[in-house]
Amino acid sequence: MNADPLIVFDMDGVLVEVTESYRDTIVATVKHFTGREITNLMIQEYKNSGGFNNDWRLSHQITHDLGVEVDYPVVVEKFKSIFWGNGTDGLILREKWIANAGLLERLQERFGLAIFTGRMPDEVDDTLGRLAPHLRFNPIIRTGDVARGKPAPDGLVRIGELVPDRELIYVGDTVDDARTARAAGIRFVGIAARTQPCRGELVRLFKEERALHILESINQLESVL
């Protein structure tokens with residue numbers, strides 16, 4: 001087995017700052033159906049409860065919990081229309097790359113980089129194509145590439161099958177990411193940004209899931225590896 005592990009990244013909140021994209025799309029979608037403007041704190045509380053890696057499902061659940069019944073496909077279509085816009089005003093364009101210049105390039109040379117994300121394929125391709133076209137992540141596992149999403153271990157198991165000679169380390173920012181790694185028998189590094197709502201609760205959850213390290217950003221990753 002190769003001495004250096006393959007680093008597998010979640011995307012949202014790890015590689016990409018998504019407060020103004022996915023998170024604001026959740027807010028806008030819920031407001032469209034309920035007339036109420038929810039907070040990022042509420043979104044994080046749902047995320048910390050587990051089982052809400054899918055932001056379509058989360059938007060639908062919050063809408064339901066606020067007393068409005070809307071069919072799931074209707075919520076999904078509204079979410080997508082806000083997220084993508086008309087090609088020039090979609091909230092996806094507000095995303096920002098988190099890694100400092102040179103960090104992932106150095107890690108790529110030693111460890112190799114992969115991705116396991118709950119994003120749809122077109123969302124992955126658009127963001128990586130705009131923000132990191134020079135980086136090579138291989139393999140990339142997305143929604144639809146495996147039968148079950150997080151916190152099921154299928155995505156990480158699949159990467160292990162594709163790269164059988166490498167140990168894996170998974171880097172994520174939610175309790176579902178941590179539970180996915182534990183279910184797959186893979187070491188986990190948790191990202192809990194200082195600006196994260198409910199950060200103390202998230203850190204506690206990461207510790208319960210036996211995270212190898214808990215960092216404020218992937219920009220600290222090099223120092224612990």
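The values are calculated or read from the model by the stated rules, or taken from the named source; none is laboratory data. Just so it is clear, the structure is predicted and the values come from calculations on it, not from any experiment. We place every Cβ from the backbone using ideal geometry, glycine too, and count neighbours over all the protein chains shown. Accessible surface areas use protein heavy atoms only, side chains included; no ligands, DNA or RNA. Shrake-Rupley method; radii C 1.70, N 1.55, O 1.52, S 1.80 Å.
Odds and ends about this structure:
- Filter pass, SER59 being over 23 Å from THR174 (Cα atoms) and assigned to a helix (DSSP H, G or I): no
- Candidates LEU103, LEU107 - the one that is surrounded by fewer than 20 Cβ atoms within 10 Å (Cβ to Cβ) and among the aliphatic types (A, V, I, L, M): LEU103
- Residue pairs whose Cβ atoms lie under 9 Å apart, sitting 6 or more positions apart in sequence or on different chains, and linking a residue in segment 93-117 that is at positive phi to a partner that is open to solvent by 60 Å² or more (accessible area, probe 1.4 Å) and of a type outside the set (D, E, K, R), are GLY112/ASN2; GLY112/ASN138.
- Selection status of GLY13, in contact with a strand residue (DSSP E or B) (Cβ under 8 Å, 6 or more places away or on another chain) and not aliphatic (A, V, I, L, M): yes
- Any hit, segment 77-97, residues being hydrophobic (A, V, I, L, M, F, W, C) and not in a helix (DSSP H, G or I): yes
- The combined condition, being at pLDDT below 95, at positive phi and in contact with a Leu (Cβ under 9 Å, 6 or more places away or on another chain), is not fulfilled by GLY144.
- Taking the conditions (1) more than 25 Å from GLU216 (Cα to Cα); (2) hydroxyl-bearing (Ser, Thr, Tyr); (3) in a helix (DSSP H, G or I) in turn, THR127 satisfies each one other than (1).
- Of all the residues in segment 1-42, those that are of a type in the set (Val, Ile, Thr), closer than 24 Å to HIS213 by Cα and outside any strand (DSSP E or B) number 3.
- Reported count of residues in segment 50-60, each being touching a residue at least 24 places away in the same chain (Cβ under 8 Å) and open to solvent by less than 60 Å² (accessible area, probe 1.4 Å), is 7.
- One residue from ASN48, ASN86, ASN53 being modelled with pLDDT under 95 and more than 30 Å from LEU225 (Cα to Cα): ASN86
- Filtering THR34, THR63 for residues that are out of contact with any Lys or Arg (no Cβ under 8 Å at 6 or more places or on another chain), of a type in the set (Val, Ile, Thr) and open to solvent by 20 Å² or more (accessible area, probe 1.4 Å) leaves a single hit, THR34.
- Index of the failed condition, LYS47 passing every other in (1) surrounded by fewer than 17 Cβ atoms within 10 Å (Cβ to Cβ); (2) touching a Ser or Thr at 6+ places or on another chain (Cβ under 8 Å): (1)
- MET11 passes every criterion in (1) touching a Leu at 6+ places or on another chain (Cβ under 8 Å); (2) at pLDDT 95 or above; (3) under 24 Å from ILE141 (Cβ atoms) apart from (1).
- When each of ASN100, ASN40 is tested for being closer than 25 Å to PHE188 by Cβ and touching a Ser or Thr at 6+ places or on another chain (Cβ under 8 Å), the lone residue that passes is ASN40.
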